[in-house]
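Visitor: Questions regarding the structure given below will be posed in turn.
The values are calculated or read from the model by the stated rules, or taken from the named source; none is laboratory data. Owing to the predicted nature of the structure, the values given are computational and were not obtained by experimental measurement. Glycine also receives a Cβ, built like all others from the backbone with ideal geometry; neighbour counts cover every protein chain displayed. Keep in mind that these areas ignore ligands, DNA and RNA; they rest on the heavy atoms of the full protein, side chains included. Shrake-Rupley method; radii C 1.70, N 1.55, O 1.52, S 1.80 Å.
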Amino acid sequence: MTNANSEQSLKQLMLLSLDGDEGAYRRLLHSLRTLLITYYGRRMGGGTRADMEDLVQETLLALHSRKATYDRERPFTAWFFAIARYKLIDHHRGHGGRAAAEIELAEDIEDGFGEEALTARMDVERLLETLPAKQREFIRQVRLEGQSVSDTADRYGQTESAIKVGIHRGIKALSQRLRGDT
């Protein structure tokens, strides 16, 4: 099963969009909007929900105006998140956040933001898809998204112990897969 937000799925939607498929373009925009909310939500700190929504819309408009520049041979998510990153830096600069803009640039350099990091994220997503749904979501929420165990337990109607056990078992299963034990 392919994750709707995987590199492969998003790139396919983009390619179909470039070929004139309006339905694929609408699905692409919907998926990207969801990804942007998470992306900006983690990076905006004290920003308001309205600021984040404005930034999401600006980024999607930038995608629309630049989509003809997309190189079909390159990873789509690296190209798209470069646009998103520059929009965020512009936002910080426009709101008196020169220091925040500089930090964003420095973190991108430190984190190796680019094709390698995005490819690694896609690899992690593919591995997570091999886990049962609950384990996969617990790991995403706590380990990848940085949510607390308590908040995740509340969200899924589970105990904190169940979340911790699910994460432990999921990571153990992933480790076994990576070692070739299963």
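Visitor: Name the residues in segment 127-142 that are surrounded by 14 or more Cβ atoms within 10 Å (Cβ to Cβ) and charged (D, E, K, R), would you?
Guide: K134, R136, E137, R140
Visitor: In segment 110-118, is there at least one residue being buried (at least 17 other Cβ atoms within 10 Å of the Cβ) and modelled with pLDDT of 90 or more?
Guide: So the first thing to find is which residues in segment 110-118 are buried (at least 17 other Cβ atoms within 10 Å of the Cβ), and the list is 113, 118.
Still in the list and also modelled with pLDDT of 90 or more: none.
There is no residue in segment 110-118 that is buried (at least 17 other Cβ atoms within 10 Å of the Cβ) and modelled with pLDDT of 90 or more.
Visitor: So in segment 34-50, with the set limited to residues that are part of a helix (DSSP H, G or I), open to solvent by 40 Å² or more (accessible area, probe 1.4 Å) and modelled with pLDDT under 85, which one is nearest to L18 (Cα to Cα)?
Guide: Only one residue fits best here, namely T38.
Visitor: Name every residue in segment 76-86 that is out of contact with any Lys or Arg (no Cβ under 7 Å at 6 or more places or on another chain) and touching a residue at least 60 places away in the same chain (Cβ under 8 Å), in order of residue number.
Guide: T77, F80
Visitor: Looking at segment 126-147 only, could you name the residues that are modelled with pLDDT of 85 or more, hydrophobic (A, V, I, L, M, F, W, C) and under 18 Å from N5 (Cα atoms)?
Guide: Hits for segment 126-147 are L131, A133, F138, I139.
Visitor: With (1) surrounded by 16 or more Cβ atoms within 10 Å (Cβ to Cβ); (2) closer than 25 Å to G146 by Cα as the list, and L60 as the residue in question, which single condition is left unmet?
Guide: All conditions are met except number (2).
Visitor: Going by what's in this entry, would D151 be described as modelled with pLDDT under 85 and open to solvent by 50 Å² or more (accessible area, probe 1.4 Å)?
Guide: In short, no.
Visitor: Related question: With (1) touching a Lys or Arg at 6+ places or on another chain (Cβ under 9 Å); (2) crowded, with 19+ Cβ neighbours inside 10 Å as the list, and L18 as the residue in question, which single condition is left unmet?
Guide: (2)
Visitor: Take the residues in segment 143-157 that are free of Cβ contacts under 8 Å to residues at least 12 places away in the same chain and assigned to a loop (DSSP other than H, G, I, E, B); name whichever of them is farthest from the chain's Cα centre (by Cα).
Guide: Filtering first and then ranking leaves G157.
Visitor: For segment 75-89, indicate whether the set of residues that are open to solvent by 20 Å² or more (accessible area, probe 1.4 Å), more than 18 Å from the chain's Cα centre (by Cα) and at pLDDT below 90 is non-empty.
Guide: no
Visitor: Follow-up question, since we're still on this one. In segment 65-74, what count of residues is obtained for those that are exposed (fewer than 12 other Cβ atoms within 10 Å of the Cβ) and under 23 Å from S6 (Cβ atoms)? Break it down stepwise before answering.
Guide: The first filter runs over segment 65-74 and keeps only residues exposed (fewer than 12 other Cβ atoms within 10 Å of the Cβ), leaving 65, 68-69, 71-74.
When the remaining residues are screened for being under 23 Å from S6 (Cβ atoms), the result is 69, 71-74.
Matching residues across segment 65-74 total 5.
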